[in-house]
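The values are calculated or read from the model by the stated rules, or taken from the named source; none is laboratory data. This structure is a prediction, so every number in the text was calculated from the model and none was measured. Cβ sites come from the backbone with ideal geometry, for glycine too, and all protein chains shown count toward neighbours. What goes into the accessible areas is simple: the full protein's heavy atoms, side chains included, and nothing from ligands, DNA or RNA. Shrake-Rupley method; radii C 1.70, N 1.55, O 1.52, S 1.80 Å.
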Amino acid sequence: MHRVTEDLAPQRWDAYVEASAAGTPYHRWVWRGIIEKSFGHRCHYLAALDAQDRVTGVLPLVHMKSALFGNFLVSVPFVNYGGVLCDSEAAREALLARADALRGECGASYVELRHVGHAHPGLPERRHKVTMLLALERDPKAQWDGFDAKLRNQVRKAEKVGLSCLIGDAEYLDDFYRVFARNMRDLGTPVYAKRFFQSVLADLAGSARIVAVKRGETVIAAGILCRYRDSVEMPWASSLAEYRTLCPNNMMYWEAIKYAIGLGCTSFDFGRSTPDGGTYNFKKQWGAKPVQLHWQYLLDQGTQPPELDNKNPRYRMAIALWRRLPVLVTRLAGPHIVRCIP
């Protein structure tokens, strides 16, 4: 028999996540603070306890509610991973039962659980995304030798035209955000508030860094790197369209891969993509392999999983309009919209 509580101490929560082989960085307690500070959403961090009061599972949930996008709970929004982390079927069932009850209490239409590499049986799901993982060699030369000639030439091109790359901390946040906000506007996507990335860099100090490519003194591509265990992930990265023929993205990812190898990591996580899409093919050329993401749902019988993404025809007109707005306008308005898009 398991009971579920929201009163587990943060230290016990993180101890459980760290001891679990399936734990992801986004299961950690620190992300609760990042999300609450950055977006103001209420979090429900559910923990399953057995008869001996041992932690047997956790489920971080974030309640999101807006007139435009609806009322729902997500584990975990804004990132790729989350969902149920547990030791047994009994713990899983207890957590799912409490999550579904919480759905009713919040008046939410569904609960979205973002599982990577595995699915929990019996739940409706969407399999529209994969994450791209690259196995790392022990030294940069061995990694480089495994790339094809075209990719190596693209990295060399960036070097030949005089681009440079650096890895730093919050001192490069303004440069990163300028590039990121511009790129999100061009994609027709509302941009996160800068305070979100400030929180990521501050709360994950030591494991979160910024990688930036410069042409002269101007940053033209940048991304945020997050290390967890033996992997480095780049969950947010952008470049300026007018410089893409100079291959700044290729230089940025190569420097990020070398950085991960230097830390002794064994994998590099390029983040999620749509199979056979443009970013998927860019990541595939590095040798990254797709790992299926299973986004599973608790919802009323007979209803379909939601489609809150830019492939939904409902949002095409809004996307087209957003692309025509001045960047300053999107930086002001975007955070108020995107805080409710998981």
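Some points to look at:
- Which listed pairs, of Lys150/Lys214; Lys129/Lys214; Lys129/Lys284; Lys65/Lys284, have C-alpha distances above 24 Å, in listed order: Lys129/Lys214; Lys65/Lys284
- Taking the Cα atoms of the chain, the ratio Rg/Rh between the radius of gyration and the Kirkwood radius comes to 0.97.
- Net charge in the neighbourhood of Ala193 (other residues with Cβ under 10 Å of its Cβ; Lys, Arg +1, Asp, Glu -1) is +4.
- The helix-based estimate of mean residue ellipticity at 222 nm for the chain, built from -39,500 (n - 2.57) per DSSP H run of four or more residues and divided by its residue count, is -11000 deg cm²/dmol to the nearest 500.
- Tensor-based shape of the stretch 236-325 (alpha-carbon gyration tensor, a/c under 1.5 rounded, otherwise prolate or oblate): oblate
- When the square roots of the Cα gyration tensor eigenvalues are ordered a ≥ b ≥ c, the ratio a/c for the stretch 143-281 is under 1.5, which makes its shape rounded.
- Since only Trp295, Cys340, Val62 are under comparison, the one whose Cα sits farthest along the positive direction of the charge dipole of the chain, derived from C-beta charges on Lys, Arg, Asp and Glu, is Cys340.
- Top positive-direction residue, dipole computed over the chain with Cβ charges, set Phe180, Tyr192, Ala135: Phe180
- The Cβ shell under 12 Å around His44 holds other residues with a net charge of 0, Lys and Arg each +1, Asp and Glu each -1.
- Highest average first, the peptides 28-37, 58-67 ordered by how many other beta carbon atoms sit within 10 Å of their residues are 58-67, 28-37.
- Per-pair calculated FRET efficiency, R0 = 25 Å: Lys289 and Asn153 via Cβ, rounded to 0.05: 0.60
- Relative contact order %, the stretch 186-342, counting alpha carbon pairs below 8 Å whose residues are six or more apart: 28 percent
- Computed magnitude of the charge dipole of the stretch 102-142 (debye, nearest 20; Cβ of K, R +1, Cβ of D, E -1): 120 debye
- Summarising the label geometry, the points placed 7 Å from Cα in the beta-carbon direction at Met317 and Ser164 lie 5.0 nm from one another.
- Note, ³J(HN,Hα) from phi for the stretch 268-285, Karplus 6.51, -1.76, 1.60, rounded to Hz, x at Gly and Pro: 10, 9, 6, x, 7, 8, 8, x, 6, x, x, 5, 4, 5, 4, 6, 4, 5
- On the beta carbon distance between Asp7 and Asn71, with R0 = 25 Å, the FRET formula returns roughly 0.55.
- Overall form of the stretch 1-152 per C-alpha gyration tensor (a/c, 1.5; a/b vs b/c): prolate
- Per-peptide packing, taken as the mean over residues of other Cβ atoms within 10 Å, places 294-301, 256-263, 100-107 in the sequence 256-263, 294-301, 100-107 from highest down.
- The residues of the stretch 80-190 have, on average, 47 Å² of accessible surface per residue, using a 1.4 Å probe with all protein chains present.
- Grouping the Cα pair distances of the stretch 208-289 into 10 Å bins from zero gives a pair-distance distribution of 18, 51, 28, 3 percent in increasing distance order.
- Look at the dipole of the chain built from charges on Cβ: of Ala51, Ser238, Trp29, the Cα furthest out on the positive end belongs to Ser238.
- For the chain, the relative contact order works out to 22 percent when only alpha carbon pairs closer than 8 Å and six or more residues apart are counted.
- Under a model in which nothing but the beta-carbon of Lys, Arg (+1) and Asp, Glu (-1) is charged, the chain shows a dipole of about 1300 debye around its Cα centre.
- The calculated FRET efficiency for the pair Glu307 and Lys141, based on their C-beta separation and a Förster distance of 35 Å, comes to about 0.20.
- Relative contact order [Cα under 8 Å, 6+ residues apart], the stretch 88-217, whole percent: 25 percent
- For the chain, the fraction of 1.4 Å probe accessible surface lying on carbon and sulfur atoms is 51 percent.
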